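Written below as structure tokens is the structure these notes are about.
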Amino acid sequence: MRLLVKKIVIFYTLSLITGTVTADSRWLASGEVKEVYDKNCASCHGKQLEGGMAASMLDDTWKTDGSDEALFKAIKLGMPTAGMPAWNQQLDDKQIRALVTFIKESKYLANSRKKSVSDKANVYTSELHNFKVETLLKSDNIIWAFDFLPNGDLIYTEREGNLMLFSQGKPVKIKNTPKVWVHGQGGLLDVRVDPDYQKNGWIYISYSELSGKNEQDQEIGSLTVARGKINNNQWQKHTILYTPEKAKHVNRGWHFGSRFAFQGDYLFFSLGDEGQQDLAQSKEIQSGKIHRIFKDGRIPKDNPFVNEKASLPTIWTYGNRNPQGLAEHPVTGEIWSTEHGPRGGDELNLILKGVNYGWPKVSFGINYNGTPLTPHTSLPGMQSPIHQWTPSIAVAGINFYTGDQFPGWKNDLFVSSLAFQELRRLRLNKNKVVSDEVILKGLGRIRDVATGPEGDLYIAINQKSDNENRIVKLSPSKP
């Protein structure tokens, strides 16, 4: 059994890297928590949680309010009036926490295999607007991020190292871009156009760089943030804005984070825990943080830890696992982030100065192999997410819609999902999510989303298994 679980874990990890993980492969990757369920719960609730002597876990009928906290309490302390025994003598809090994640994961997977369906005219239906989907461009390489220039041209990154410009219906490769380390999850990553581009012409990119090998003879590198200008399809005036000091280059190819957000003269960028989760709690190293610098690379004097001798002065928040989405709210100016959880517990966070977001001490998820991670979903001094997804939808890029083509979506947050191939629309009210709608599903792994200059909505889709990567446009359907 140990060998089988180990093989499953390896398969699941490789699936995450290659982009071939599906709902079915997630089910196979249950590991220890599935064994705990089979041994203690399946005789009453069914082998596949479908119900038996006790109720099904796959519907929305609960003896409690159905929350994670209520389910945790029911398993731990039991529900005598419903014939549910207490399990606190057989299972510890970590195992119970893992069971909660497994139950929520199984419920979602059992009900999430449907795809969005359009009619014969290619019209998709959502709660507030109907829309059409049209492919703008295709690529043989993974499209990681994209943005728009003021003239309507689209600029995008291919993780393999290419910075591309889509102009007048044709893709053009920008020459003289920096060499990147294409390894694991690394490569050429985010790209953003300066909000003042018409005045200054700056374009910002992030990418992984190889710096050498560690003591175990493994290749290591780091995230680099830079800006430059495009002239005659050439990358010019390349300026490095941020890279960690060489002694702190620890990344072996994982969790680069690497999303940008602007707020006035400030540039925020995310950096994941670089595959070493405990580093997220240390303010002496860049890993597991959201950083803030000026757009020219200077460090703001009012950053929260700038006067702490051992802390990095660029840090704005810490305790972040792998933030894959970052955006400024168009009305409030607040910075929001989506963050990959482990297996379960993807997060939506309001990014606040100097705050600890808890990773890895706090999480709604479990380890990928099904073993418990932590019993804690909250702890004193650590910020809880505004919203969380269990199972993990593998959140990626986000965008607050600012166009006029879809007036009912104005200022709503659009969230892209890799694992479940979803585009979600979130309605926020007083920093709470009051609606979470899946408006598109099953077209492929959605990695980025942005409002176009004419007010349409655009998404980047990666489907490595089919070697099809594209940017598509969502536009209103005509009556």
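The values are calculated or read from the model by the stated rules, or taken from the named source; none is laboratory data. Since the model is a prediction, treat every value here as computed from it, not as a measurement. Please note: Cβ atoms are built from the backbone with ideal geometry, for glycine as well, and neighbour counts cover all protein chains shown. Accessible surface areas use protein heavy atoms only, side chains included; no ligands, DNA or RNA. Shrake-Rupley method; radii C 1.70, N 1.55, O 1.52, S 1.80 Å.
Worth pointing out:
- Of the criteria (1) farther than 18 Å from G152 by Cβ; (2) aliphatic (A, V, I, L, M); (3) buried (at least 23 other Cβ atoms within 10 Å of the Cβ), which one A460 fails: (1)
- Criterion (in contact with a Ser or Thr (Cβ under 7 Å, 6 or more places away or on another chain) and open to solvent by 30 Å² or more (accessible area, probe 1.4 Å)) met by exactly one of R427, R447: R427
- The number of residues in region 352-381 being hydrophobic (A, V, I, L, M, F, W, C) and farther than 19 Å from S282 by Cβ comes to 3.
- The residue that is surrounded by the fewest Cβ atoms within 10 Å (Cβ to Cβ), counting only those in region 361-383 that are over 18 Å from N322 (Cβ atoms) and of a type in the set (G, A, S), is G381.
- Within the set K175, K138, K170, K104, the sole residue that is open to solvent by 30 Å² or more (accessible area, probe 1.4 Å) and without any contact (Cβ under 8 Å) to a residue 40 or more places away in the chain turns out to be K170.
- Residue, most open to solvent (accessible area, probe 1.4 Å), within region 225-257, restricted to residues that are of a type in the set (A, V, I, L, M), within 25 Å of N176 (Cα to Cα) and in contact with a Ser or Thr (Cβ under 8 Å, 6 or more places away or on another chain): I240
- Residues of region 273-301 satisfying the condition of being open to solvent by 10 Å² or more (accessible area, probe 1.4 Å), in a loop (DSSP other than H, G, I, E, B) and not charged (D, E, K, R): G275, Q276, S282, I285, G297, I299
- Any hit, region 86-101, residues being touching a helix residue (DSSP H, G or I) at 6+ places or on another chain (Cβ under 9 Å), open to solvent by 60 Å² or more (accessible area, probe 1.4 Å) and at pLDDT below 80: no
Residues checked against (1) over 25 Å from R445 (Cβ atoms); (2) in a strand (DSSP E or B); (3) among the charged types (D, E, K, R):
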{"position": "Y124", "(1), (2), (3)": "no, yes, no"}
{"position": "T135", "(1), (2), (3)": "no, yes, no"}
{"position": "N151", "(1), (2), (3)": "yes, no, no"}
{"position": "M164", "(1), (2), (3)": "no, yes, no"}
{"position": "V180", "(1), (2), (3)": "no, no, no"}
{"position": "Q198", "(1), (2), (3)": "yes, no, no"}
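- Residue match in region 114-122 (condition: in contact (Cβ under 8 Å) with a residue 12 or more places away in the chain, acidic (D, E) and outside any strand (DSSP E or B)): no
- Scan region 437-448 for residues that are within 15 Å of A394 (Cβ to Cβ) and part of a strand (DSSP E or B) and the total you get is 6.
- Near pairs, Cβ below 7 angstrom, 6+ apart or cross-chain, from region 354-377 (at positive phi) to any residue that is among the basic types (K, R): G370/K34
- Matching option when the condition is assigned to a loop (DSSP other than H, G, I, E, B) and either among the basic types (K, R) or open to solvent by less than 10 Å² (accessible area, probe 1.4 Å) (or both), among G358, G325: G358
- Scanning region 406-436 for residues that are in a strand (DSSP E or B) and farther than 24 Å from P453 by Cα gives N429, K432, V433, V434, S435, D436.
- Filter result for G442 (over 30 Å from Y37 (Cβ atoms) and either surrounded by fewer than 17 Cβ atoms within 10 Å (Cβ to Cβ) or touching a Gly at 6+ places or on another chain (Cβ under 7 Å) (or both)): no
- The set of residues in region 336-355 that are open to solvent by less than 20 Å² (accessible area, probe 1.4 Å) and in a loop (DSSP other than H, G, I, E, B) comprises G341, P342, G344, G345.
- Evaluation of P380 against the conditions (1) assigned to a strand (DSSP E or B); (2) closer than 24 Å to E334 by Cα shows that the sole unmet condition is (1).
- Scanning region 263-272 for residues that are out of contact with any Lys or Arg (no Cβ under 6 Å at 6 or more places or on another chain), open to solvent by 10 Å² or more (accessible area, probe 1.4 Å) and assigned to a strand (DSSP E or B) yields a single hit, Q263.
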